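Chemist: Quick one: the structure is below, questions incoming.
The values are calculated or read from the model by the stated rules, or taken from the named source; none is laboratory data. Here the structure is a predicted model, which means the values were calculated and not measured. Cβ placement follows ideal geometry from the backbone for every residue including glycine, while neighbour counts extend to all protein chains displayed. For the accessible areas, the whole protein counts, side chains as well, though only heavy atoms, and no ligand, DNA or RNA atoms are used. Shrake-Rupley method; radii C 1.70, N 1.55, O 1.52, S 1.80 Å.
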Amino acid sequence: PCTGYIAQSLFCTVAGRLPAAARILEIACGAGELSRAAVLHCLEERRATGACGRVVATDFSPEMVALARKNLGALGAGDLFGCEVHDGQALGFEAASFDAAFSAFGIFLFPDRNAGWREAARVLRPGGLFATAVWRGPEHNALARLQMGPVMAVLPERIREALPRPGWLDIASPEGLSKEISAASFVDLEVTVFDAALKRAG
């Protein structure tokens, strides 16, 4: 629910920048939460104008693609989306195939992140929009501390010291993320720190 909320918020934050009838790609879609927001956008666009774009949700896992297909199918808009198996480090699409590409908590965990950023740039038309979300490091991320703090606390010190530093921490700051994405030929970068508070219902 947490990552799904953030993924949908990521799409909604930039939806107003999309061109009419945009062709939209989600990379590493997981259960398809961002694609859900994109399909709803297309449905509203069709209701308002009679025309709309299309969404393609991709993941390297056939099981996740099947789950995304099931979840998106519940929207009753089967003509507005497709769900396909693709490795985000080597997408099977022609260059300049999409008006917008998204990856919420996907590319930042790839074995070869740089390949993921380059592929996202390659499949975008000139001037196309790319938006991504990554976790901040534990020092700025209360949820990560709550999840990992107890685990790390019970590990013997020799094991804690031997654990490799996660590579994604290199892009856990706005500066690190901007530097790495710029190297993949993206321009006019904007980085926004998104803070969300989780509260117990009732």
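Chemist: Normalised by the number of residues in the chain, what is the relative contact order in percent for Cα pairs under 8 Å and 6+ residues apart?
Modeler: The value is 18 percent.
Chemist: Sorted by accessible area with a 1.4 angstrom probe, largest first, how do V123, V193 fall?
Modeler: V193, V123
Chemist: To continue, here is another question. Rounded to the nearest 10 degrees, what's the angle between the helix 142-154 long axis and the longest principal axis of the chain, both from Cα atoms, 0 to 90?
Modeler: The angle comes out at about 40 degrees.
Chemist: I want to make sure I understand the PRE zone here: with the label point 7 angstrom from the Cα of F93 toward its beta carbon, which residues in the stretch 111-131 have backbone N atoms less than 14 Å away?
Modeler: 116-131, by backbone N distance to the label point.
Chemist: While we're on this one: How large is Rg over Rh for the stretch 57-185, taking Rg from the Cα atoms and Rh as the Kirkwood inverse mean of 1/r across Cα pairs?
Modeler: 1.04
Chemist: For D59, D79, write out the residues from largest to smallest accessible area, computed with a 1.4 angstrom probe and no ligands counted.
Modeler: From most accessible down to least: D79, D59.
Chemist: Counting alpha carbon pairs within less than 8 Å and at least 6 residues apart, what relative contact order, in whole percent, applies to the stretch 1-120?
Modeler: Computed value for the stretch 1-120: 30 percent relative contact order.
Chemist: What nm distance separates the two modelled labels at S9 and A162, each placed 7 Å from Cα along Cα→Cβ?
Modeler: Going from the S9 label point to the A162 one covers 3.9 nm.
Chemist: Counting alpha carbon pairs within less than 8 Å and at least 6 residues apart, what relative contact order, in whole percent, applies to the stretch 36-103?
Modeler: Across the stretch 36-103, relative contact order equals 33 percent.
Chemist: Right, here's the next one. What net charge do the residues around S9 carry, taking every other residue with its C-beta under 14 Å from that of S9, with Lys and Arg at +1 and Asp and Glu at -1?
Modeler: Here the count lands on -1.
Chemist: Can you grab the distance from the C-alpha centre of the stretch 45-92 to the C-alpha centre of the stretch 19-44, Å, no decimals?
Modeler: Here the answer is 7 Å between Cα centres.
Chemist: Find out how many positive minus negative residues lie around R23, taking Lys and Arg as positive, Asp and Glu as negative, among other residues whose Cβ is under 15 Å from that of R23.
Modeler: -1
Chemist: Need one value: the accessible area of H140 in square angstrom, 1.4 angstrom probe, rounded to the nearest 10.
Modeler: 110
Chemist: Something else: Using the alpha-carbon atoms, what tilt in degrees (0 to 90, nearest 10) does helix 113-123 show relative to the longest principal axis of the chain?
Modeler: 10
Chemist: Please compute the net charge surrounding L143, taking Lys and Arg as +1 and Asp and Glu as -1 over other residues with Cβ under 15 Å from its Cβ.
Modeler: Here the count lands on +2.
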